[in-house]
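Encoded as structure tokens, the structure appears first; notes follow it.
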Amino acid sequence: MINNKKVVIILPAYNAEKTLEMTYNEIPFEMVDEVILVDDSSHDKTVEKGREIGIKHIVEHKKNMGYGGNQKSCYRKALELGADIVIMLHPDYQYTPKLVPSVAYLIANELYPVVLGSRILGKGALNGGMPKYKYIANRFLTLFQNVLMSAKLSEYHTGYRAFSREVLETVNYEANSDDFVFDNQMLAQILYAGYEIAEVTCPTKYFEGASSINFQRSTKYGFGVLATSLKYRAQKWGLINYDIFKNKK
């Protein structure tokens, strides 16, 4: 715990057998209370590896629920376990668990309710091997969203995220897509609800074995991001009401 706040790590996994142990071994267990692995019907031995290395809480999807669907299961389980701070780590070792203390302390000390690990602050993205087309798309989409959502984030597309319990109990993430645009919709919900978001510089690694969506799915994600931004602005202007912006409380 940190400041009497329970810290839970969630690992949304799909075919992460080869990298799960590396990720798990770098988790700072001196401050982390629980680890949850949610396996999205992998074709490899992700679940078996999770049990082998000692992960206590493992949720198995019998059919593939998608990246967003996986996260929904992660957050449900974390809240069920009484988490005060929930930190998402991708078990493909693309993001280092060594940043967990930094992001956790920002929330535990009630400085910010949401913290993102940004690949764009500094030179982490390109130095880590991010494909140039993804970098260019990242910059364009981020600019578009900052303008429409009146925000100043360095990026909206990182998978390194930490949330307070209050945020997860407020925003209606269950109404979001089960696909990759879930991440973007959730940040839109958080900003719409009036929460501040902090960012810390985050190194990242692109390598064989690290999960990455292909060009076709990236394009679909990009259009989803544009749609999310337009919905946010339309909602702010009172032109239409979307379910994703109706808070749970």
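The values are calculated or read from the model by the stated rules, or taken from the named source; none is laboratory data. All values derive from a computational prediction rather than experimental measurement. Here Cβ is always computed from backbone atoms with ideal geometry, including for glycine, and neighbour counts include all displayed protein chains. For the accessible areas, the whole protein counts, side chains as well, though only heavy atoms, and no ligand, DNA or RNA atoms are used. Shrake-Rupley method; radii C 1.70, N 1.55, O 1.52, S 1.80 Å.
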Q. Here are some conditions: (1) in contact with a Ser or Thr (Cβ under 6 Å, 6 or more places away or on another chain); (2) surrounded by 15 or more Cβ atoms within 10 Å (Cβ to Cβ). G122 meets all but one. Which one does it not meet?
A. (2)
(Q) I need the full set of residues from region 2-52 which are part of a loop (DSSP other than H, G, I, E, B), among the hydrophobic types (A, V, I, L, M, F, W, C) and without any contact (Cβ under 8 Å) to a residue 60 or more places away in the chain, in order please. (A) F29
Q. From the list A108, A13, which residue is open to solvent by less than 30 Å² (accessible area, probe 1.4 Å) and farther than 24 Å from V181 by Cβ?
A. A108
(Q) Out of the residues in region 55-93 meeting the condition of being acidic (D, E) and open to solvent by 40 Å² or more (accessible area, probe 1.4 Å), tell me which one is nearest to the chain's Cα centre (by Cα). (A) D84
**Q.** Near pairs, Cβ below 7 angstrom, 6+ apart or cross-chain, from region 183-201 (modelled with pLDDT of 95 or more) to any residue that is charged (D, E, K, R) and buried (at least 24 other Cβ atoms within 10 Å of the Cβ)
**A.** none
Q) When only residues in region 156-173 that are at pLDDT 95 or above and assigned to a loop (DSSP other than H, G, I, E, B) count, which is most open to solvent (accessible area, probe 1.4 Å)? A) N172
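Residues L148, L143, L168: which one is touching a Ser or Thr at 6+ places or on another chain (Cβ under 9 Å) and aliphatic (A, V, I, L, M)?
On the way: L143 fails: touching a Ser or Thr at 6+ places or on another chain (Cβ under 9 Å); L168 fails: touching a Ser or Thr at 6+ places or on another chain (Cβ under 9 Å).
Among L148, L143, L168, only L148 is touching a Ser or Thr at 6+ places or on another chain (Cβ under 9 Å) and aliphatic (A, V, I, L, M).
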Q: For Y67, indicate whether it is of a type in the set (F, W, Y), in contact with a helix residue (DSSP H, G or I) (Cβ under 6 Å, 6 or more places away or on another chain), in contact (Cβ under 8 Å) with a residue 60 or more places away in the chain and closer than 14 Å to L11 by Cβ.
A: no
Q: Kindly provide the set of residues from region 166-196 that are among the hydroxyl-bearing types (S, T, Y) and closer than 14 Å to Y242 by Cβ, ordered by number.
A: Y173, S177, Y192
Q: Name every residue in region 94-112 that is within 14 Å of the chain's Cα centre (by Cα) and either assigned to a loop (DSSP other than H, G, I, E, B) or more than 13 Å from P28 (Cβ to Cβ) (or both), in order of residue number.
A: Q94, Y95, T96
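Answer yes if at least one residue in region 64-74 is part of a loop (DSSP other than H, G, I, E, B) and among the polar types (S, T, N, Q), and no otherwise. Don't jump to the end; show me each part of the working.
Taking region 64-74 and keeping what is part of a loop (DSSP other than H, G, I, E, B), we get 64-65.
Right, trim to among the polar types (S, T, N, Q) and you get 64.
Yes, region 64-74 contains a residue that is part of a loop (DSSP other than H, G, I, E, B) and among the polar types (S, T, N, Q).
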Q: Hey, can you tell me all the residues within region 126-153 that are buried (at least 18 other Cβ atoms within 10 Å of the Cβ), free of Cβ contacts under 8 Å to residues at least 60 places away in the same chain and in a loop (DSSP other than H, G, I, E, B)?
A: L153
Q) Would region 113-129 turn up any residue that is polar (S, T, N, Q) and either more than 18 Å from the chain's Cα centre (by Cα) or modelled with pLDDT of 95 or more (or both)? A) yes
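Name the single residue that is most open to solvent (accessible area, probe 1.4 Å) among those in region 174-197 being within 25 Å of G66 (Cα to Cα) and of a type in the set (V, I, T).
Out of the qualifying residues, it is V181.
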